[in-house]
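The values are calculated or read from the model by the stated rules, or taken from the named source; none is laboratory data. Quantities reported herein were computed from a predicted structural model and do not represent experimental measurements. Cβ placement follows ideal geometry from the backbone for every residue including glycine, while neighbour counts extend to all protein chains displayed. Heads up: the accessible areas ignore ligands, DNA and RNA and are worked out on the full protein's heavy atoms, side chains in. Shrake-Rupley method; radii C 1.70, N 1.55, O 1.52, S 1.80 Å.
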Amino acid sequence: MAHDEDDDQQTQDLRTDTAPGTTAADSAARRDQAVRAAVEQGVVGPGAPVAGLLDIAGIRASAAALRAAFEAVTPPGTPVLHAFAVKATPLVPVLRLLRAAGIGAEVASPGELALARAAGIAPADTVLDSPAKTPAELRQALALGIAVNADNPQELARVDALVQSAPTASPVGLRVNPQIGGGAIGALSTATATSKFGVPLLDEGAREWVIQAFLDRPWLTRLHAHSGSQGMPLEMMARGVEATYELAEAINGRAGRRQVDTIDIGGGLPVNFGSDEESPTHAQYARRLKARVPGLLDGRYGLVTEFGRSLLAKHGTLLARVEYAKEAGGRPIAVTHAGVQVATRTVYAPLSWPLRIAAYDAQGRPRSGPAVGQDIAGPACFAGDLLAENRPLPLLEPGDHIAALDTGAYYFAQHYSYNSLARPGIYGFSLHGDDVRFAAAREPQTLDEIVAESGGGSERDALRYL
Ligand SMILES: *Cc1c(COP(=O)(O)O)cnc(C)c1O
């Protein structure tokens, strides 16, 4: 990784941090302290009834733990790039924080690539995936020297033409689908027989086609598979990596040289949404790979990883005020400001994406009291806008707060503009003794911005004169 001076300074700060705790209890204690301070300091209040909070010490600890996990299972000097999947938390300050911690970026759209570049991530630390790259996107990536993983034969043919027309420093790989089967969440499973991603290795003739594609293209040097996702058992993920490694060995055997020099194992480590415990850990996954696919980690191959959720999810807290507390059909309902706009998956697919909810009082202190089944509702105008149904919690009152936990990835940073609800502010926090400091990673969206983004500018009269 390239470091500039301010990043070196941040790395320095990391070393002198008051021992960023990595245990579940540490992170829960930091969260309670941050919620209290967010209420006291007005980060959340009547005028800003919902915000996302990011635990900076937790993110740094996870980044360091990820690097250590793979260092522990590879010989010194093995090239390993950990490319954070930008889609998990698409915020430039987060990418810069990770960059300072030695983490690159995996991007899958022009927008994500623009974010990675804005964060100063070096091309050598950037990987472009995505199942629908246009010729212009491919040309840009190859011109910048960003690693590109082609998804399918048609895309590879486009890359052929571009590689012949201009030299490139980009390592080029091919994405394969080991077709190991799906996990518990169908919509997220990337390695089913009919998944839209990559070349399906078990389809008739496909494996031989891949081998020949490599033999025909000496510049094709990487294999990519991303077969994990939330709901996937570690053993299945390891099997997908094993199939990819065996294919690399087969290609290199046929080529008579180490043509495939790097294997990109993707991300997809599941996250525990049931408690503060981080499980499985990156270290457990790395050890599982070491046991199952030792040849992958013996130093002959460079490695790329693309973790998203497992790096960020547990470090985000969605904090919202309770506006009203009502009752319907005997069910208490807390009407809050966090709903489908900031927890889209949970609201639309509550059985796949249950979130832990913590109750806090008007001062931001953990609320106590006997647990009563309550609905935690959001502000949107449809009946299903619920963060949790009949959840046992101390009875909430107007002015209290609720926190939706483990929401640092794929939640408040992925706003959904239903009801023209404003994108909430996102704030990093860090503890300095009893003092909690906040910094905005993304300012709250203003009403003027909502109007402008909704055609309220020069498009205002566009339809009247058509
Ligand atoms: C989404 C995605 C990732 C990250 O997945 P997580 O489950 O967040 O770790 C990595 N690689 C690719 C190609 C992806 O599409």
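For the range 24-132, list the helices (runs of 4 or more DSSP H) that sit wholly inside it and hold at least 2 residues that are outside the structural domain of Gly425 (by TED's automatic domain parsing) and surrounded by fewer than 22 Cβ atoms within 10 Å (Cβ to Cβ); which are they?
Working: elements: 24-40, 56-71, 92-100, 110-118.
Once the helices (runs of 4 or more DSSP H) in the range 24-132 are filtered for at least 2 residues that are outside the structural domain of Gly425 (by TED's automatic domain parsing) and surrounded by fewer than 22 Cβ atoms within 10 Å (Cβ to Cβ), what remains is 56-71, 92-100, 110-118.
For the range 188-200, state whether one or more residues are hydrophobic (A, V, I, L, M, F, W, C), open to solvent by less than 60 Å² (accessible area, probe 1.4 Å), over 22 Å from the mean Cα position of the chain (by Cα) and modelled with pLDDT of 95 or more. Among the residues of the range 188-200, not one is hydrophobic (A, V, I, L, M, F, W, C), open to solvent by less than 60 Å² (accessible area, probe 1.4 Å), over 22 Å from the mean Cα position of the chain (by Cα) and modelled with pLDDT of 95 or more, which makes the answer no.
Evaluate the range 296-307: report whether one residue or more is away from the ligand (no atom under 16 Å from the Cβ), closer than 22 Å to Pro76 by Cβ and of a type in the set (A, V, I, L, M, F, W, C). Reasoning before the result, please.
Taking the range 296-307 and keeping what is away from the ligand (no atom under 16 Å from the Cβ), we get 296-302.
If we keep only those that are closer than 22 Å to Pro76 by Cβ too, we end up with 296-302.
Imposing the further condition that a residue be of a type in the set (A, V, I, L, M, F, W, C) reduces the set to 296-297.
Yes, the conditions are met somewhere in the range 296-307.
For the range 439-466, the tally of residues that are surrounded by 17 or more Cβ atoms within 10 Å (Cβ to Cβ), within 23 Å of Ser310 (Cα to Cα) and out of contact with any helix residue (DSSP H, G or I) (no Cβ under 7 Å at 6 or more places or on another chain) stands at 1.
Close Cβ contacts (under 7 Å, 6 or more residues apart or on different chains) running from residues in the range 187-202 that are touching a residue at least 24 places away in the same chain (Cβ under 8 Å) and under 15 Å from Leu223 (Cα atoms) to residues that are open to solvent by 50 Å² or more (accessible area, probe 1.4 Å) and within 12 Å of the ligand (Cβ to nearest atom) comprise Phe197/Pro131. Residues in the range 146-167 that are more than 28 Å from Ala191 (Cα to Cα) and either assigned to a loop (DSSP other than H, G, I, E, B) or basic (Lys, Arg) (or both): Ala166, Pro167.
Within the range 253-280, residues that are within 28 Å of Asn149 (Cβ to Cβ) and open to solvent by less than 30 Å² (accessible area, probe 1.4 Å) sit with their Cβ atoms under 8 Å from residues that are among the aromatic types (Phe, Trp, Tyr) and part of a loop (DSSP other than H, G, I, E, B), at 6+ positions apart or across chains, in these pairs: Val260/Tyr301; Thr262/Tyr301; Ile263/Tyr301; Gly267/Phe307; Gly268/Phe307; Leu269/Phe307. A single entry from Ala380, Ala325 fulfils the requirement of being touching a residue at least 40 places away in the same chain (Cβ under 8 Å), of a type in the set (A, V, I, L, M) and either in contact with a helix residue (DSSP H, G or I) (Cβ under 7 Å, 6 or more places away or on another chain) or within 28 Å of Val107 (Cα to Cα) (or both): Ala380. Among residues of the range 437-454 that are closer than 18 Å to Pro49 by Cα, those with a beta-carbon under 7 Å from a residue that is in a helix (DSSP H, G or I) and not hydrophobic (A, V, I, L, M, F, W, C) at least six positions away or on a different chain give the pairs Ala441/Pro93; Ile450/Ser420. Do we have any residue at all in the range 191-200 that's of a type in the set (A, V, I, L, M), over 13 Å from Leu269 (Cα atoms) and assigned to a loop (DSSP other than H, G, I, E, B)? Yes: one or more hits.
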